[in-house]
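Some notes on the structure that comes next.
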Amino acid sequence: MNTNFYPLDREKIHNIKDTLKELIQQVTNDASLPPDQKVKLLGNLQKLSAPLQSDRWIFRLVVAFLGMAVLLTIIGGFYLSIKTAATIPEGLIALGSAAVGALAGLLAPSPMTR
């Protein structure tokens, strides 16, 4: 039975990083490329090596899903408290609190950018 659920295992990811490093080195050492083309190629290769820092859609999706979790928790809590006279489950409160904390951590300015 195959327990590997990830399409890329650590070995392949390591090989991709090594390949990107080799490509960056080849572009840097290639004397036949004009300097402006080298800059463009190196910029694109560096974006590929760190997609979480350069891809804004990943950040937007994470914020959207966390925001939806907060809103659904609030709406679900109100619904449960109105329809049933019972208290709001602690798990629901914990889920909402964790989502709010994650949003605060993502949206707060980094101290390194000052």
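The values are calculated or read from the model by the stated rules, or taken from the named source; none is laboratory data. Because the structure is a prediction, the values reported are computed rather than measured. Neighbour counts run over all protein chains shown; Cβ positions are idealised from the backbone, glycine included.
The table for this structure:
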| item | result |
| --- | --- |
| Test: residue in segment 79-88 that is more than 15 Å from residue 107 (Cβ to Cβ), modelled with pLDDT of 90 or more and either of a type outside the set (Phe, Trp, Tyr) or assigned by TED's automatic domain parsing to the domain that holds residue 47 (or both) | no |
| Unique match (being closer than 23 Å to residue 101 by Cα, at pLDDT below 80 and out of contact with any strand residue (DSSP E or B) (no Cβ under 8 Å at 6 or more places or on another chain)) among 46, 53 | 53 |
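For every residue, the table says whether it meets (1) touching a strand residue (DSSP E or B) at 6+ places or on another chain (Cβ under 7 Å); (2) assigned to a helix (DSSP H, G or I); (3) surrounded by 12 or more Cβ atoms within 10 Å (Cβ to Cβ).
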position	(1), (2), (3)
58	no, yes, yes
61	no, yes, no
70	no, yes, yes
80	no, yes, yes
87	no, no, no
93	no, yes, yes
